[in-house]
Amino acid sequence: MSEGTIEDRELRNLMVRYQHADPAALDELVRRISPPLLRYLSASPNARNEVEDLVQDCWIRIHRSRHTYRSSEPVMPWIYAIARHTRLDAYRKRRRLESREVLVAEVPDTAAHTSPENPDASLGALIDTLPESQREVIVMLKVSGMTLEEVARATSSTVGAVKQKAHRAYAALRRALTGQHER
Amino acid sequence: MNDNSHDGLDRRLDAWAAAREPAPHELEQRIAQTLASSLAPVRPLASPTRLAVVFLAIFAVCAAALTAAIGTTGIRLTSAAQLTAISAILGIAAVLFSLALANQMIPASLRVLPFSALLALASAAVIAAIALLFPWTTPRLFLEEGWPCSAMETAIALPAALLFFLLARRGALFPGSTTGATIASLAVLLALAVLQFQCMFQQAPHLLVWHLGVAAILIAAGALLGKWSQHRAS
């Protein structure tokens with residue numbers, strides 16, 4: 001069991017209070033966890049239009065599964081493991097619906113990520129081009145500051161596999177950035 | 001990520017990650033209100049190790065009770081080496097599959113081995129033990145003597161799978177082929193153990209086709225059922 005950061009210890013404490021039905025702990029958890037959840041769930045370009053619904057759906061799943069959280073474990077991998085299944089289920093549902101629809105036009109959804117006011121927005125657009133499995137590893141490592149082991153737990157994977165995905169994502173981003181500069 | 005921190009990419013990724021937008025206040029309020037309406041104290045689930053011990057205890061009790069009820073002809077017909085090897089492999093596999101199922105009940109549990117690797121290892125061990133330790137003689141009535149074994153294996157495995165599923169449902173099981181295959185594997189192991197102690201045809205072809213062949217079909221059926229339930233859930 002790792003002691004974790006101050007923030008992690010606070011989250012663990014909030015989760016235990018949430019399990020004891022403390023409404024203040026619930027409010028505080030929703031306030032603290034929703035922004036990284038929103039970021040994670042919107043990391044998939046196709047999911048941006050429905051991201052608020054996804055966050056709500058994810059919280060309902062967290063609520064139903066709250067008895068499976070153990071206070072000896074870090075909170076964020078547990079949250080992300082549930083968020084990941086929420087996102088995968090939504091993806092499957094979307095795919096099923098799309099397969100039944102006739103696609104009229106592909107609407108570009110990257111305007112917000114290529115804003116000239118934000119120099120790192122173009123990086124966001126490049127991250128969008130990464131495969132889903134690499135993108136989620138980058139988001140977990142960078143947005144939530146999780147360790148490789150925590151990401152492995154959240155993605156039902158091994159530390160070696162996570163390292164490999166992160167390495168490939170970095171290599172792809174570096175290649176893309178070099179290509180941008182050359183142009 | 002040490003090899004990546006020497007260039008500007010890490011810094012740019014940090015800046016990108018730091019530029020997070022807050023969740024809309026009304027969204028947070030809506031979520032908190034929805035959840036508060038059903039907020040009640042919950043008892044945390046036991047650790048994966050304790051859950052695995054529970055699965056293992058059920059496995060052992062069911063195996064002992066069914067063996068006592070159905071018979072022990074197989075034990076009398078096998079040598080000490082055969083019995084020790086096959087019991088050890090089935091026992092170790094039961095421990096590992098119990099742990100795998102317990103881990104699946106708790107989101108973000110640490111996986112030491114992917115389930116597919118665990119299944120491949122267990123299958124290889126059982127096949128190797130049967131192929132090397134049991135005689136390669138084919139009984140005259142291969143078909144007639146075989147189907148009752150597969151029928152019994154199925155009759156044991158199906159209720160066992162239902163029992164393990166009902167127990168595992170206490171956790172946060174995510175439907176999918178891995179969950180279905182894990183539950184089926186544990187149930188099939190129980191059926192294989194009982195059958196091994198009871199069966200009077202202790203020859204490699206019979207064991208491989210009528211015991212393990214049916215086991216493979218049942219595990220595949222479990223995986224398909226898991227996939228189907230995932231499809232229904234999403």
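The values are calculated or read from the model by the stated rules, or taken from the named source; none is laboratory data. Keep in mind it's a predicted model, so treat the numbers as computed, not measured. Glycine gets a Cβ as well: all are built from the backbone with ideal geometry, and neighbour counts include every protein chain shown. Heads up: the accessible areas ignore ligands, DNA and RNA and are worked out on the full protein's heavy atoms, side chains in. Shrake-Rupley method; radii C 1.70, N 1.55, O 1.52, S 1.80 Å.
Things worth noting here:
- With a Förster radius of 60 Å applied to the C-beta separation of residue B:132 and residue A:20, the computed FRET efficiency comes to 0.60.
- Each 10 Å bin from 0 upward holds the following percent of the Cα-Cα pairs of the stretch B:48-233: 10, 39, 35, 14, 3, 0.
- Normalising by residue count, the protein assembly as shown has a Cα convex hull of 186 Å³ per residue.
- With a Förster radius of 51 Å applied to the beta-carbon distance between residue B:208 and residue B:169, the computed FRET efficiency rounds to 0.90.
- Percent of Cα pairs in the stretch A:4-45 per distance bin of 10 Å, from zero to the largest separation: 29, 44, 23, 4.
- Estimated FRET transfer efficiency (residue B:112, residue B:47; beta-carbon r; R0 22 Å; 0.05): 0.90
- Two-decimal ratio, the stretch A:7-97, of alpha-carbon radius of gyration to 2.2 N^0.38 Å: 1.10
- Residue-normalised accessible area of chain B, given per residue in Å² at a 1.4 Å probe: 50
- Spin-label model, residue A:97/residue B:69: points 7 Å from Cα along the beta carbon direction are separated by 4.8 nm.
- √(5λ) per eigenvalue of the Cα gyration tensor, the stretch B:15-59, largest first, Å: 39, 20, 7
- Distance in nm between pseudo-label sites at residue A:174 and residue B:228 (7 Å out along the Cβ direction from Cα): 4.9
- Taking only the alpha carbons of the stretch B:134-226, we obtain Rg and Dmax values of 14.5, 49 Å in that order.
- Estimated buried accessible area (total), pair A and B, 1.4 Å, Å² to nearest 100: 5000
- Here, P(r) means the percent of Cα pairs in each 5 Å bin from 0 to the largest distance; for the stretch B:1-126 it is 2, 8, 10, 11, 11, 10, 10, 10, 9, 7, 5, 4, 4, 3, 0.
- Between residue B:200 and residue B:147, the contour length at 0.36 nm per residue exceeds the Cα-Cα span by 17.8 nm.
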